[in-house]
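For reference, the structure discussed in these notes is given below.
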Amino acid sequence: MSGTVKEIFESMDYGPAPEATDDALAWIAARTPFGHYIDGKMTSAGTTFATCNPATGAELAQISQGGDGDVARAVTAARNAQPAWAAQSGHERARVLYALARLVQKHARLLAVLETLDNGKPIRESRDIDIPLVARHFYYHAGMAQLMTSELPDRAPLGVCGQIIPWNFPLLMLAWKVAPALAMGNTVVLKPAEWTSLTALCFAWICDQAGVPPGVVNIVTGDGTTGAAIVDAEVDKIAFTGSTDVGRHIRKATAGSGKALTLELGGKSPYIVFEDADIDSAVEGLVDAIWFNQGQVCCAGSRLIVQEGIAKTFYARLRRRMDGLRIGNPLDKAIDIGAVVNPEHLARIHALVDGQTTGDVHVAACDVPDGCYYPPTLITGLAPADQLMQEEIFGPVLVATTFRTPSEAMQIANSTRYGLAASVWSENINTALDIAPKLVAGVVWVNGTNMFDAAAGFGGMRESGFGREGGWEGLRAYTRSATPATPAPVVAPFDGNDSAPLGVDRTPKLYIGGKQARPDGGQSRLAYDAHGTLAGQIPLANRKDIRNAVEAAQKATGWASASAHNRAQVMYYIGENLSARADEFAARLDAMTGRDDGKDEVTAAVERLFTYAAWCDKFDGRVANVPIRGLAVALHEPCGVIAGFCPDDRPLLGLVSLMAPAIAMGNRVVLVASRSVPLPALEFAQVLETSDVPGGVVNILTGNHAELAPALASHMDIAAVWSFSGADLATVIEMGAARTLTRTWIGGGRDWLSGGNDQEFLEAATEVKTVWVPYGA
Amino acid sequence: MTAHTQDATATTTAHLPQTVEPRNPGQGLDMDWVMRTQANRSAIERRAVTLPGRRSVKKTYQAAWLARAISCIDLTTLAGDDTDGRVRRLCAKGRAPVRPDLLRALDLPDLTVGAICVYHDMIAPAVSALQGSGIPVAAVSTGFPAGLSPFHLRIAEIEQSVKAGASEIDIVISRRHVLTRNWQALFEEMRAFRAACGTAHVKAILATGELGTLQDVGRASLVCMMAGADFIKTSTGKEPINATLPVTLVMIRAIREYYEATGYRVGYKPAGGISKAKDALVYLSMIKDELGDRWLRPDLFRFGASSLLGDIERQLEHHVTGAYSAAWRHGIG
């Protein structure tokens, strides 16, 4: 027999160290079956389903399946409560959020045990990571509520926010959603994942103790149909964290509805190890990257990319480390890897891994209990083209490949549909800081992994979604401009007679890749000025012109890497050259629009160019105050290629107002000119040609907005689509954007002469990338 | 002395290093290897700070682990006012580190500490007091703690101590060789110390608190092992910063790498600042997880400590009785 002091003195084994569950189980027993939390009260349970402990399969509680009626009641409660909540002072809201933070700490043990019971994650993670980060998030946003009036005077709450969260960090994702929403004066209807509702229901209990006014927080439990009901309900915003497929579905379901949307979706995050890295630390980092929370982490470092010369050593040490991992009862305080959340998900992991036939598989030589467990697994020798290098497994399975040079590392890392997070390991500051900005990811950790904090933005690029959570940038997801948006005005083109104008025939062309180009389809429409005189033939762009323009824009990568000072110089020069032709443009505008303020429009356009030329080197990132020794730098990076539909009114100024902030931040643009008066945009191309604007940075198309919108919005190599068009493009753009989860901005109308200078444009033109650089000599 | 300590010899010789593991003979100085060594402080500190939360040893296991910790203690006195009597008292504690009734309850009646560690002049009384116990005497040497006496005297000090009966010699390296990157000089110094030790085992004290960076700790560890160190040890106990978990991680990772490359197991001794039973458990977990169970034996692991034993005694009495203990219930060393 083993187990005496004398025997253990020899074996030096770890024994069981279970966390007690009595209090948590008693808390559940007193409340199951659970209803929903609506308008400050728990409803009586409706149709229920079981929520189980994945480690044992035992039922923990009965949870109500929320139906349309429950969702409707919750949304009504949230709607009714919202004005009063928003009308409270920031300080009053701060006091409530502060109470929530304190209460999370006071009930830390209960919450941690509930989380581990329901989700299967090791108690160490619930206790040391999830719950402390939840408290931190409420503290941080208590501060944001306090500061909103003074620091965000131009922002207003969105209203009622529908929030749908995943099962991998049940309470932490709730905190990420609820804290900023409440801080900014919104009310919420939140649905936890059906596998992990318990901590959200415990949070409802905590809301009562914190004095959250009835209706401000509503929690409706249920499966995907409940989520769909929230998406379809009369809410002002949907915030979703979960799978890319569901995110795409929500994008389509909300297209054209005017509902704000943020999506935090899947990932296949690269973990790059250079040969000069601290190898043992990089190996240990992988434990936190892919074997954290059983690998069920959207930003898990799941794609190991290691420099060829050290690969053999690295893999050997990694396998050794894997073999020492302890997998088992998640309530044990000396367990590294707990249970997979649900047998259904376990089957999915098996199916994905079993489908991979190449590569060398190492399954950790640790004792794996029967039940819902998956052993730590490493598959080396894969190529970027292999399915498992591309598909998110969402389990404790690491796939690996090698690289030779920094640029190859970057290429392999970016060879993915996703763009959530990345890790770079190198002791060379030059290597690390060179690679970090080149990785397509919303978060980059240098010599670290899975670091999170309320003060730092978190969120993805590409099909990992859009929007940030945390930091100042995270507040944008829960506020709107305090000036209500107006619909974009519709201006019809003038009709006229088709007699030839005076002078030599002029042929306006599309402007693509720095050259004037005839439209691919060989078609034009006639354009008339305000007096009905034929002003010219407007080329009609088609899908192929879009393709060519986007290709040209993609090639102009030098613009993004040019110095901000350099970009500013070019933009001032555009202004100078436009100014030189001001009278000509003003006269043209007056003739074409039938107004008499062409001069004002040109003046404003020159000024706008100066404004954004000024911003080129002044829209600084920031250093987030995260609790590490090191820097967490929020960089403002260009999105890439931005497509923009210009407003009907203000043919020149509208175009300049879209172009200037975009190119100032280093983007390249494909702009579709004003529907009613497109000619000045093509003439403006001549100004660009004489202003040292590199070919491809600005591309100008003319044609039918509604016809061009689907192809532009669904183009997979476009990072963002903006529309200020008078045509109602919201639905078609947002539907088209669902494929690659392109960022969209339906901008509405504004007085372009006075407006169009606000920070919203700069923020729309940039992605916030947070680069964590812990240091220490 | 009680009866059980007299018949302890047979079982306790197993912790004498020379009886179990082939000694590390050393090798040439491989500068490529030395310079490849990297140590990322932030990542190492993260590992160190999260380890106590990842490993928890409770109840019977905790008692057994604490007994194991005792077996690995180099019970130490290194004070200017040491006398024969003081050293004899310490040796008596080393032979009977825990009250006999408690040891009987744990069914470990023969438990002793790993070694008694003293200055050169105290070797004789220690050897005499430990007669028949099988507990080795370790002597600090080479101008401990600064290591700045004339080189020939440092060599002579080792030889004298070995002659006086010390079977383990704790030498101090010349920190200046590390700080000025004179790795060759460090290697040769260590080689000479090792040679002077003869059959006695040599522990190389790096004085990590004076080396400045974890990377240098890692590199110095490797150089000393290449030159034939049997143990590498953190500190003299006299530096402002002594044993820490991050330093431990760097040194034991170097030991692991050396073992993987050469097949020789080098021992590890953290010294100074480890005074709580709980800390000892964390150290043992770190050794177990990073190096493996083989290192959890006194021939490959020692705590350099003077007050740790007292805290462990109280925890063991708590384990046996279920009630928290008091220091005065345990005989002092």
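The values are calculated or read from the model by the stated rules, or taken from the named source; none is laboratory data. Computed from a predicted model, the values in this text were never measured in an experiment. Neighbour counts run over all protein chains shown; Cβ positions are idealised from the backbone, glycine included. We work out accessible area using only protein heavy atoms, side chains counted, and drop any ligands, DNA or RNA first. Shrake-Rupley method; radii C 1.70, N 1.55, O 1.52, S 1.80 Å.
Quick notes on this one:
- Selected from B:Thr208, B:Val49, B:Gln184, residue furthest toward positive end of dipole (chain B; charges at beta carbon): B:Val49
- Shielding by other protein chains, A:281-288, mean Cβ within 10 Å: 5
- For the pair segment B:128-177 and segment B:316-333, the centres of their Cα atoms are 34 angstrom apart.
- Working from label points 7 Å from Cα in the Cα-to-Cβ sense, the A:Asn625 to A:Lys252 distance is 4.5 nm.
- In the full protein context, segment A:213-309 carries 23 Å² of accessible surface per residue, based on a 1.4 Å probe and ignoring ligands, DNA and RNA.
- Only helical runs count toward this figure. For chain A, summing -39,500 (n - 2.57) over DSSP H runs of n ≥ 4 and dividing by all residues gives -12000 deg cm²/dmol at 222 nm.
- Summarising the strand pairing of the protein assembly as shown, around 35 percent of its internal DSSP beta bridges are antiparallel.
- Crossing angle, helix B:41-54 versus chain B [Cα axis fit, 0-90 degrees, rounded to tens]: 20
- Rolling a 1.4 Å probe over the protein chains gives A:Asp505 an accessible area of about 110 Å².
- Student exercise, the protein assembly as shown dipole from Lys, Arg, Asp, Glu Cβ charges, in Debye to nearest 20: 1960
- Nitroxide proxy distance, nm - points 7 Å out along Cα→Cβ at B:Ala185 and A:Asp758: 6.8
- Cα gyration tensor, chain B - rounded (a/c under 1.5), prolate or oblate: oblate
- Folded to 0 to 90 degrees: helix A:68-87 orientation relative to chain A principal axis, Cα: 70
- Pairwise Cα inverse-distance average, inverted: Kirkwood Rh of the protein assembly as shown (Å): 32.8
- Here segment B:183-285 is treated with +1 on each Lys and Arg Cβ and -1 on each Asp and Glu Cβ, and its dipole about the Cα centre works out to around 300 debye.
- Signed unit charges on C-beta, dipole axis of segment A:366-480, positive-most listed residue A:Leu388, A:Gly465, A:Thr402: A:Gly465
- Considering only A:Gln146, A:Gly66, A:Ala108, and ranking their Cα positions along the charge dipole of segment A:10-162 that arises from unit charges at the beta-carbon of Lys, Arg, Asp and Glu, the one farthest toward the positive end is A:Gln146.
- Segment A:270-322 and segment B:180-249: distance between their alpha carbon centers, rounded to Å: 29
- For peptide A:444-451, the mean count of partner chain Cβ atoms within 10 Å of a residue's Cβ comes to 2.
- Peptide B:286-299 - average C-beta neighbours from other chains (10 Å radius): 2
- Principal-axis tilt of helix A:651-664 within chain A, Cα atoms, nearest 10 degrees: 40
- Only Lys, Arg (+1) and Asp, Glu (-1) charged, at Cβ; segment B:253-299 dipole about Cα centre in debye: 160
- Over the residues of chain B, the helix contribution to mean residue ellipticity at 222 nm works out to -14500 deg cm²/dmol, using -39500 (n - 2.57) for each DSSP H run of at least 4.
- Solvent-accessible area per residue in segment B:47-153 equals 34 Å², computed with a 1.4 angstrom probe and all protein chains kept.
- Surface share of carbon and sulfur [accessible, 1.4 angstrom probe, percent] for the protein assembly as shown: 53
- Alpha-carbon centroid distance for the pair segment A:609-668 / segment A:526-558, whole angstrom: 24
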